[in-house]
Amino acid sequence: MSDVLSFPKTPEGAVDLLSMTPSELEAFVLSLGEPRYRAEQLFIWMHRGTEFSEMNNLPKAFREKIAAAAEYRLPKIEQKFVSAKDGTIKYLFALPDGECVESVFMRYEHGNTICVSSQAGCRMGCRFCASTLTGRVRNLCASEILGQVIVASRDTGERIGGVVMMGIGEPLDNYDNAVRFLHLVSEEKGLGIGLRHISVSSCGLADGIRRLAGENLPVTLSLSLHATTDEKRSALMPVNKRYPLREVLGACRYYFEKTGRRVSFEYTLIAGQNDTKEEAEALAKLLRREVGSVVHVNLIMLNEVKETGLKTTSRQSAEQFRDTLTRLGVTATIRRRLGSDIDASCGQLRLRRLEAAEQREP
Ligand code: SAH
């Protein structure tokens, strides 16, 4: 373990301190000839977002030695929007190489939750989504995902009790970093966010879902479903051609059987595409047949992205859709739209920023 090759790295290849688990950090500190207990002190400071210069119980010589051998970096707040309606905060974070990702800090009655990004861009190609329009530029390393939570918590001065991996990117397309992030964010000496308060959202990489079920991490799986037949789902979500409904729902059932955690299904309502009463009936039937009765459906009003030409459904059809599901024994809720005045759903800020940068170039 003291071999430098085995330590996590930044995308540029430097040893990445903030991506290390406590035992990796210990091994690293020992490899520099420093006492073991320094690792815990360093871990605690880093997970609070403290700069090296302010880590006042660590000798200067130690900090200099660590800084020379490895990197500790946090994302920078590039833009920040605060909702006047509900206090939701949307961040555009700049990563060290200039890539930008978004996070959303949400206030709920039961505590604060943050939505984080896992990749710069996305290659899944969902037709309604802003994050995929420019493709995937790169994966975020674990510390870049964690950094979003640390910086938001430090910026607000408030505790964050929950995380949803529903920002830019497909977490299971960046599997190792996503799982490492889950371990780090739930570390007691760090942010200590309970795994039961964390949701991993996926467009349906069935192999990844089965693998996640075996990690012994009691996180909630959210599956982005959005359609009830393979034909319709493949038209909206190209990933369905690789992992069709039966396969992906089979993986969800396996996830439930293995972890005992109720799977939640995201269903974005798009006018004229998937929002009829018949489709609600088909959805209830499909879920009961392929997954079982322990499911929950989150209905989402489409956030319109002008490039896609798709429109959201009416409030009335959304309510009818929900009531139909409930009547058929499937619990369903319409997701409250937080931060509607700051356009808080993910992907659009990064997109507009890329457009602005292109316009500036000749
Ligand atoms: N890649 C993961 C997580 C990111 S997307 C996934 O697909 O689940 C988070 C959720 O927002 C998904 O359910 C996604 O389908 C949904 N979504 C994407 N674009 C949307 C839009 N314009 N309006 C409403 N929901 C959207």
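The values are calculated or read from the model by the stated rules, or taken from the named source; none is laboratory data. Treat the numbers as computed from the prediction; the structure is a model and nothing was measured. A quick note on method: Cβ atoms are made from the backbone with ideal geometry, for glycine too, and the neighbour counts reach across all protein chains shown. Keep in mind that these areas ignore ligands, DNA and RNA; they rest on the heavy atoms of the full protein, side chains included. Shrake-Rupley method; radii C 1.70, N 1.55, O 1.52, S 1.80 Å.
Report, by residue number, each residue of the stretch 298-316 that is in contact (Cβ under 8 Å) with a residue 40 or more places away in the chain and open to solvent by less than 20 Å² (accessible area, probe 1.4 Å). Across the stretch 298-316, the qualifying residues are 302, 305, 310, 313. Restricting attention to the stretch 129-142, does a residue exist that is of a type outside the set (Lys, Arg), farther than 21 Å from residue 351 by Cβ, more than 16 Å from the ligand (Cβ to nearest atom) and out of contact with any Cys (no Cβ under 6 Å at 6 or more places or on another chain)? Within the stretch 129-142, one or more residues are of a type outside the set (Lys, Arg), farther than 21 Å from residue 351 by Cβ, more than 16 Å from the ligand (Cβ to nearest atom) and out of contact with any Cys (no Cβ under 6 Å at 6 or more places or on another chain). If you scan the stretch 113-153, which residues turn out to be surrounded by fewer than 21 Cβ atoms within 10 Å (Cβ to Cβ), in contact with a Lys or Arg (Cβ under 8 Å, 6 or more places away or on another chain) and of a type in the set (Gly, Ala, Ser)? Result: 135, 153.
Residues in the stretch 188-207 that are within 16 Å of the ligand (Cβ to nearest atom) and either crowded, with 21+ Cβ neighbours inside 10 Å or within 30 Å of residue 40 (Cα to Cα) (or both): 198, 199, 200, 201, 202, 203, 204, 205, 206. Taking the stretch 3-104 and the helices (runs of 4 or more DSSP H) fully enclosed by it, the elements with 3 or more residues that are in contact (Cβ under 8 Å) with a residue 40 or more places away in the chain are at 37-47. Being open to solvent by 40 Å² or more (accessible area, probe 1.4 Å), free of Cβ contacts under 8 Å to residues at least 24 places away in the same chain and closer than 17 Å to residue 228 by Cα holds for only one residue in 319, 278, and it is 278.
Would you confirm, using the coordinates I've provided, whether residue 264 is within 11 Å of the ligand (Cβ to nearest atom) and crowded, with 16+ Cβ neighbours inside 10 Å? Taking the combined requirement at face value, the residue satisfies it. Taking the stretch 263-285 as the search range and keeping residues that are touching a Leu at 6+ places or on another chain (Cβ under 9 Å) and acidic (Asp, Glu), which one is farthest from residue 236 (Cα to Cα)? Per the criteria, the residue is 281. Looking only at the stretch 1-52, residues that are polar (S, T, N, Q) and more than 25 Å from residue 192 (Cβ to Cβ) come to 3 in all.
All of (1) out of contact with any helix residue (DSSP H, G or I) (no Cβ under 9 Å at 6 or more places or on another chain); (2) away from the ligand (no atom under 12 Å from the Cβ) hold for residue 276 with one exception: (1). Assess whether residue 351 counts as being surrounded by 16 or more Cβ atoms within 10 Å (Cβ to Cβ), among the aliphatic types (A, V, I, L, M) and at pLDDT below 90. For residue 351, the condition - surrounded by 16 or more Cβ atoms within 10 Å (Cβ to Cβ), among the aliphatic types (A, V, I, L, M) and at pLDDT below 90 - is met. Being assigned to a loop (DSSP other than H, G, I, E, B) and open to solvent by 60 Å² or more (accessible area, probe 1.4 Å) holds for only one residue in 292, 272, and it is 272.
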